[in-house]
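J.: Below is the structure I would like to discuss, written out as structure tokens.
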Amino acid sequence: MKNPPALEQLIDSLRCLPGVGPKSAQRMAYYLLQRDRNGASALSAALETALEVVDHCKLCNTFSEQPICPLCAADNRDKNLLCVVEMPTDLLMLENTHAFMGMYFVLMGRLSPLDGIGPKEIHLDKLIKRAQDGLVNEVILATNYTVEGEATAHYISELLKTRGIKTSRIARGMPMGGEIEYVDSGTLAQAMMERRNV
């Protein structure tokens, strides 16, 4: 026995979410229709509203309801520093530290040729234009320390160096409050290589 066509369409639509396979999508669809129709309606309305009003900030490329997001429009930010992150969640994490008061650029991904993600898909042309706006003195690369994140940081640094733009990379090593015996060997090795004078 097959599901009704509308239910099959809902299941197929839910499969577009990361990590959601056919069985998970089916469970979600059944749950929404059987147990939480109000939640399903709210989800549908919220998704429709977000699709209508949320776009990308013209300066930093993060999600925004305005052409220029509130962070880019703030007067108290250091316009000389530009921090490049992979995703809006990375920007939020850095903002929560209250340790950086510069500007951001969100790539909305990272280079991954095997997945068909190249320089165009992560808006590198927009980043280069932003980095050459006459205000930026330094670009801080804060991509993840994954193979793709490292490749992205290297690619961007080479692009910026050929244009005479100073670049730096966030440090890595021992976590705050971390004890050496519990830290993995890769992190510990990196901490030794990136040691600094005290």
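J.: If the requirement is being assigned by TED's automatic domain parsing to the domain that holds E150, surrounded by 14 or more Cβ atoms within 10 Å (Cβ to Cβ), of a type in the set (A, V, I, L, M) and over 13 Å from the mean Cα position of the chain (by Cα), which of these qualifies: L91, L82?
T.: Values: L91 fails: over 13 Å from the mean Cα position of the chain (by Cα).
After applying the criteria, what remains is L82.
J.: Working only within region 1-14, note down all residues that are of a type outside the set (S, T, N, Q) and loosely packed, with under 14 Cβ neighbours inside 10 Å.
T.: Within region 1-14, the first condition is being of a type outside the set (S, T, N, Q), and the residues that meet it are 1-2, 4-8, 10-12, 14.
Result: M1, K2, P4, P5, A6, E8, D12.
J.: Sticking with this structure for a sec: Residues that are among the basic types (K, R) and either farther than 23 Å from A50 by Cβ or in contact with a strand residue (DSSP E or B) (Cβ under 9 Å, 6 or more places away or on another chain) (or both): list the helices (runs of 4 or more DSSP H) wholly contained in region 61-167 that include at least 1 such residues. Explain how you work it out, then say what you get.
T.: Details: elements: 70-73, 88-97, 124-131, 147-161.
Output list reads 124-131, 147-161.
J.: Let me ask something else about it. Tally time: how many residues in region 96-137 are small (G, A, S) and at negative phi? Talk me through it step by step, then tell me what you get.
T.: First, pick out the residues of region 96-137 that are small (G, A, S): 99, 102, 109, 112, 116, 118, 131, 134.
Narrowing the set further to residues that are at negative phi leaves 99, 102, 112, 118, 131.
Number of matching residues: 5.
Conditions (1) under 23 Å from M93 (Cα atoms); (2) over 15 Å from the mean Cα position of the chain (by Cα); (3) in the same structural domain as R77 (by TED's automatic domain parsing), marked per residue:
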residue: R110; (1), (2), (3): yes, no, yes
residue: Y145; (1), (2), (3): yes, no, yes
residue: E148; (1), (2), (3): yes, no, yes
residue: T162; (1), (2), (3): no, yes, yes
residue: G177; (1), (2), (3): yes, yes, no
residue: D184; (1), (2), (3): yes, yes, no
residue: T187; (1), (2), (3): yes, yes, no
residue: E194; (1), (2), (3): yes, yes, no
residue: N197; (1), (2), (3): no, yes, no
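J.: Same structure again: Sort through S64, S13 and tell me the only one that's out of contact with any Gly (no Cβ under 9 Å at 6 or more places or on another chain) and farther than 30 Å from I156 by Cβ. Don't jump to the end; show me each part of the working.
T.: Numbers: S64 fails: farther than 30 Å from I156 by Cβ.
Result: S13 is the single residue among S64, S13 that is out of contact with any Gly (no Cβ under 9 Å at 6 or more places or on another chain) and farther than 30 Å from I156 by Cβ.
J.: Name, by its number, the condition in (1) in contact with a Leu (Cβ under 9 Å, 6 or more places away or on another chain); (2) without any contact (Cβ under 8 Å) to a residue 60 or more places away in the chain; (3) of a type in the set (S, T, N, Q); (4) closer than 27 Å to A151 by Cα that does not hold for T89.
T.: (1)
The values are calculated or read from the model by the stated rules, or taken from the named source; none is laboratory data. Computed from a predicted model, the values in this text were never measured in an experiment. A quick note on method: Cβ atoms are made from the backbone with ideal geometry, for glycine too, and the neighbour counts reach across all protein chains shown.
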